[in-house]
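Structure, as C-alpha cells:
The values are calculated or read from the model by the stated rules, or taken from the named source; none is laboratory data. Everything numeric here is computed off the predicted structure, so don't read it as measured data. We place every Cβ from the backbone using ideal geometry, glycine too, and count neighbours over all the protein chains shown.
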Amino acid sequence: MPKYLLIFEKSESVRWLGHLDILRTFERAIRRAGLPVAFSTGFNPRERIAFASALSTGVTAGAEPAVLELTDPVDPASLLAGLNETLPPGIRIAECQEIPDLKSRDLLNSYDRADYEVVCACAPDTDSAEVENAIQALLARPQWEVVRAREGRSKTLDIRPYLFALSLAPATLTTNRLTLAMTVAIGEGGNAKPPEVVALLAETIAGLTLRRAHRVRLISSVPETV
C-alpha cells in the first residue's frame, strides 16, 4: 500500500495541543478529506499514520515528519491540498511525497536529534558575556544530572551525552528576553529536554526561565532518508 511522508508545522495557536490531540486532529482531517486511508488490524483499528517523535504540549514546531498509509495511490499535491483544507489553521502540511513502503519505518526511526529555539525570560541586567560564560561553563561540566519523575517514581539521569550544541542565538538578547539555540537527542535511546537545559543554566544566570520552545526541525542519522 502506498505511503507518504508529510512534513507539517504546528504554530502558536495550537501549541497547547498534546501529541494525542495532534493524532486525533489528523485522523479527523483524513476522514473529512475523504482519503482512502489504511487501517490497523485488531479489536480497535486505527488510521495508519505515524509520527517520528511526539511533540510536547506547549511546544511549537516548524518541520515535523509523519508517515501516512493509504489503500490506493493519491497524487501528493492533491493529498497535501486536501489535508490542508480540513486541518485547523495552526497545523499546516508544507511537504508531501510518496516513499518506498519498505523504508517507512526505518525513515521514522532515523530521526534521532532535534534543533530547538528556546525563548527565555532573564533579568534586565543580563548581558551577553554573562550568558556566553554560563554556557561555556555548563558545556565544560562532564555530567549534567537531572531528576525525572514517572509513575510516582523519580530517577536521576545524566543528560550531558544527549546535548550536541548550545548557544545564544545572535542578536536575541533584549532587556528581559533571550533565545537559546540547542541540538538535543530525542527518542528512547536517551534524550535531553529543553526545560532541563534551561534549568541547569539558571543555576548561574539569575532569573532565567523558559517562556517558549520551538522545535525547528528533526535531524535524521541517515543522510538520504528517501
### Message
Please go through (1) among the polar types (S, T, N, Q); (2) touching a Leu at 6+ places or on another chain (Cβ under 9 Å); (3) over 27 Å from THR183 (Cβ atoms) for SER78 and return the number of the only condition it doesn't satisfy.
### Response
(2)
### Message
Go through region 161-190 and report how many residues are modelled with pLDDT of 95 or more and either hydroxyl-bearing (Ser, Thr, Tyr) or in contact with a helix residue (DSSP H, G or I) (Cβ under 8 Å, 6 or more places away or on another chain) (or both).
### Response
12
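Every residue, every condition in (1) within 17 Å of THR126 (Cβ to Cβ); (2) out of contact with any Leu (no Cβ under 8 Å at 6 or more places or on another chain); (3) surrounded by 14 or more Cβ atoms within 10 Å (Cβ to Cβ), yes or no:
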residue: PRO170; (1), (2), (3): yes, yes, no
residue: MET182; (1), (2), (3): no, no, yes
residue: ILE186; (1), (2), (3): no, no, yes
residue: GLY189; (1), (2), (3): no, yes, no
residue: LYS193; (1), (2), (3): no, yes, yes
residue: GLU196; (1), (2), (3): no, yes, yes
residue: LEU201; (1), (2), (3): yes, no, yes
### Test set (1) of a type in the set (Val, Ile, Thr); (2) surrounded by 14 or more Cβ atoms within 10 Å (Cβ to Cβ); (3) not assigned by TED's automatic domain parsing to the domain that holds ARG28 - VAL147 fails condition number
(2)
#### Entry: Residues satisfying the stated conditions in region 160-187, i.e. assigned to a strand (DSSP E or B) and free of Cβ contacts under 8 Å to residues at least 60 places away in the same chain
LEU163, PHE164, ALA165, LEU166, SER167, LEU168, ARG177, LEU178
### Task
Among the residues of region 74-104, count how many are without any contact (Cβ under 8 Å) to a residue 12 or more places away in the chain and not in a loop (DSSP other than H, G, I, E, B).
4
#### Entry: Out of VAL118, VAL74, sole residue that is among the β-branched types (Val, Ile, Thr) and in the same structural domain as GLU188 (by TED's automatic domain parsing)
VAL118
### Message
Going through THR126, THR86 one at a time, which residue ends up being more than 25 Å from PRO45 (Cβ to Cβ) and polar (S, T, N, Q)?
### Response
THR126
### Task
Tell me which of these LEU157 doesn't satisfy, since it passes every other one: (1) part of a strand (DSSP E or B); (2) modelled with pLDDT of 95 or more.
(2)
### Query
In region 109-131, is there at least one residue being free of Cβ contacts under 8 Å to residues at least 12 places away in the same chain and more than 30 Å from LYS3 (Cβ to Cβ)?
yes
### Task
Considering each of ASP21, ASP75 in turn, give the residue that is within 17 Å of the chain's Cα centre (by Cα) and at pLDDT 95 or above.
ASP21
### Task
Report yes if LEU87 is over 23 Å from ARG212 (Cα atoms), surrounded by 13 or more Cβ atoms within 10 Å (Cβ to Cβ), touching a Ser or Thr at 6+ places or on another chain (Cβ under 9 Å) and at pLDDT 95 or above, otherwise no.
yes
## Note on the structure
Of the residues in region 29-62, those that are surrounded by 15 or more Cβ atoms within 10 Å (Cβ to Cβ) and of a type in the set (Val, Ile, Thr) come to ILE30, VAL37, ILE49, VAL59, THR60
### Query
So is ALA66 within 30 Å of GLU117 (Cα to Cα), assigned to a helix (DSSP H, G or I) and either touching a helix residue (DSSP H, G or I) at 6+ places or on another chain (Cβ under 8 Å) or in the same structural domain as ASN191 (by TED's automatic domain parsing) (or both) or not?
no
### Task
Report, by residue number, each residue of region 105-125 that is assigned to a helix (DSSP H, G or I) and of a type outside the set (Asp, Glu).
ARG105, LEU107, LEU108, ASN109
### Total residues in region 188-203, condition in a helix (DSSP H, G or I) and within 26 Å of ALA52 (Cα to Cα)
5
